[in-house]
Amino acid sequence: MSTEATTGSSATLDTQSNGLEVRQKALQEELRELIDVVGPAPLVDLLLERAFQLNATDIHIDPNKEGLRVRLRVDGMLHDVLQLPKKLTAQVISRLKIMAGMDITERRAAQDGHISKSVIKHQRDIRVGGGPTIYGERLVLRLMPDEQSFTRLDELGFEPEQLEKVQKLVEIPYGVFLSVGPVGSGKSTTVYSALTKRNRPTESVVTIEDPVERQMEGINQIQIDAKIGFTFVKCLRGVLRQDPDVMMVGEIRDPETAQIAVRAGLTGVTVLSTLHANDSLAVIDVFREFGVSPMFIVDALKCIIAQRLIRKICPHCREEYTPDAAAVAALKLSDAEAAATKLVRGKGCDHCFSTGYSGRTGVFEVLTFSSELRQAILGADGKVDLRSVAVQSGLLTLEDAARRKVLRGETTVEELLQLQTAIVD
């Protein structure tokens, strides 16, 4: 293939944008043209390049009867890109596994790998997970954030009163600062943003991660390795003997990690971490199940941030409309408020894959322990509704934070309804 032809092929996605279907076809044509001429290696390289350009967070490569189904996750949604024929399956999978340092002879067990930015000549690393299915090996590639760009706390989507509270609490000289939510809710981004604020020459800052997602200047970052017994717990105990001021634990996964983190927070260390929990109040139940006493919970946990990511309305195809009865009910508007309210949605255009959305923002619930909530937790006998107590003490819930974004024209009622369903589930 000539250089001119290759350049023309590579420019297809940049010059031809007529919605999601056209972009899919354009990328498919690029890949097919390359594979017909030069083989699977440039095909894989171009797929990775285009995924970065489209700000995808994941690439799913799933085997089926016909071959390999390739999808990209953009703004939290998976989009079909290509169906590769069976004859290319082994070559494409092997190419990716070699790049990720995985065992290409092992096809019966799950494996994890890592594609370094130096391999793909890009500023971002890729985490690879694979395993067997009835049709062959499946690979999922997680495109890691650019380690050179960090999001500030005021760019994440906090409401003004939430942001003011978080910025104060992240400066606490001791205690535990948690970000909680399901997989893909932006927990790590929030913790890194808080960590960036504490990254100063006057403090000793250490992270314990699995894996290290972003490299940060001025911070001691530790990669655990369970294969040799270097676990979160062992690393935590070692780090606590090294006079840290701030310690970030990638995730609290078990009772022992939780108890050590709490004790560290009570003895003069600021501990930043993440946890899988549905909302902020659910953390209390999780820590109880981990064997942490209620007194330690209310004394050690200084801030719990529950979060989700919702899609933002595309700025290029915004349109106003009058809310219908369902939207009025979802937003809890009075008749007078409904009559005066105009909502916004995206029509779909060349810039947003014809979805009406472009980019995502966070929705947050920031819990601190008021005296009323402390008393409710310490005296809880199963009959106290902790959420009601927290709301009465000023907690802005995830749903109410999302409603504000809908009314401001940042997102849609549909995103609010999806959030509500996810929280209930």
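When the label point is put 7 Å from the Cα of residue 414 along its Cα-to-beta-carbon vector, which residues of region 333-370 have a backbone N closer than 11 Å? Of the residues in region 333-370, 345-348, 354-357 have backbone N under 11 Å from the label point off residue 414.
For region 153-424, the spread of Cα positions along the three principal axes, ordered from largest to smallest, is 61, 47, 34 Å.
The sum of -39500 (n - 2.57) across all DSSP H runs of n ≥ 4, divided by the residue count of the chain, sets its helix-only mean residue ellipticity at 222 nm to -11000 deg cm²/dmol. What is the sum of charges, Lys and Arg at +1 and Asp and Glu at -1, for the other residues whose Cβ falls under 10 Å from the Cβ of residue 139? Summing Lys/Arg as +1 and Asp/Glu as -1 gives 0.
Rounded to the nearest 10 degrees, the inclination of helix 40-53 to the longest alpha-carbon principal axis of the chain is 40 degrees.
What is the local net charge at residue 286, summed over the other residues whose Cβ is closer than 13 Å to its Cβ (Lys, Arg +1; Asp, Glu -1)?
Values: positive: 253, 288; negative: 251, 254, 279, 285, 289.
Residues near residue 286 contribute -3 overall.
This ranking places 79, 316 by how few other beta-carbon atoms lie within 10 Å of each, fewest first, which gives 316, 79.
Cβ-to-Cβ counts within 10 Å put 357, 174 in ascending order as 174, 357, the fewest first. Given R₀ = 41 Å, what would the calculated FRET efficiency be for residue 200 paired with residue 324, taking r from the Cβ atoms and rounding to 0.05? The formula returns an efficiency of 0.20 here.
Taking the centroid of alpha carbons for each part, region 227-260 and region 300-352 are 40 Å apart. Extension gain, residue 159-residue 104: 0.36 nm per intervening residue step, less the Cα-Cα distance, totals 15.0 nm.
The order of 378, 240, 367, going from fewest to most other C-beta atoms within 10 Å of their C-beta, is 378, 240, 367. Shape class for region 323-373: oblate, because the ratio a/c of the largest to smallest gyration tensor axis (alpha-carbon atoms, square roots of eigenvalues) is 1.5 or more and b/c is at least a/b. Between residue 88 and residue 384, the modelled labels are 6.1 nm apart [label points 7 Å from Cα along Cα→Cβ].
Gain in length, residue 55 to residue 400, computed as 0.36 nm per residue apart minus the alpha-carbon separation, to one decimal in nm?
Numbers: separation 345, 0.36 × 345 = 124.20 nm, distance 2.86 nm.
Extra length available between residue 55 and residue 400 comes to 121.3 nm.
Projected onto its three principal axes, the C-alpha set of region 32-90 covers 31, 24, 15 Å, listed from the longest axis down. One chain, two ends: residue 174 and residue 37. Fully extended at 0.36 nm per residue, the span grows by 43.3 nm beyond their Cα-Cα distance. Taking 21 Å as the limit for the C-alpha separation, the pairs 187/342; 187/312; 165/332; 342/405; 65/117 exceed it in the case of 187/342; 165/332; 65/117.
Only the coordinates and a few stated rules stand behind these numbers; no lab work does. Predicted model, so just to flag it, every value in this text is computed and none were measured. Here Cβ is always computed from backbone atoms with ideal geometry, including for glycine, and neighbour counts include all displayed protein chains.
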